[in-house]
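None of the figures in this text is laboratory data; all of them are computed from the coordinates on show. All values reported here derive from a predicted model rather than from experimental measurement. Backbone-built Cβ (ideal geometry, glycine too); neighbour counts: all protein chains shown.
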Amino acid sequence: MSPPDLLILTEFVPRGSLFALIHDDSEPFPWPRRLRIAAEVAAGLLYLHTRRPPIIHRDLKSDNLLITATYGVKVCDFGLARLKQHASSIQTRYMNAGTPAWMAPETLRGEMFVETGFFDIAAWTRHLMCFLSGLCSGSY
């Protein structure tokens, strides 16, 4: 291989995405497993948000949560992620940051907002409602 060839090496995650796991009717998805996955995603967000500088994912959705062989969770796809380098927040306006169904309300309205970990937390609370209740359809 010679420059400028680039490679991305990733860990193989045999169970695929959380989206695939939720929609796989061939495998049971018991409550203890659901709660453990939910807790692991929350721990992953805490890790990202407490780094120095903090990392805001900005596109948290079930397609970007990979499930290991032991049902551990790996957060992936940091293409829209931002480092929070100034003070305690970033004041911004991102019209196309993330998947619309999971964006913070102020983002959808195109308003100026302070980008904090709330951006990711808003998405995760919507996922929890769907993930735990089973009342959502489509890509979540």
Worksheet item: For the pair Glu27 and Leu46, how long in nm is the line joining their label points, each one 7 Å along Cα→Cβ?
Response: 2.6 nm
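Could you please report the charge total around Ile22, scoring K, R as +1 and D, E as -1 over all other residues with beta-carbon less than 13 angstrom from its beta-carbon?
Details: positive: Arg15, Arg33, Arg34, Lys61; negative: Asp24, Asp25, Glu27, Asp63.
Result for the neighbourhood of Ile22: 0.
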Worksheet item: Projected onto the charge dipole of region 1-82 (+1 at Lys/Arg Cβ, -1 at Asp/Glu Cβ, origin at the Cα centre), which of Pro28, Ile55, Cys76 gives the Cα projection farthest towards the positive end?
Response: Ile55
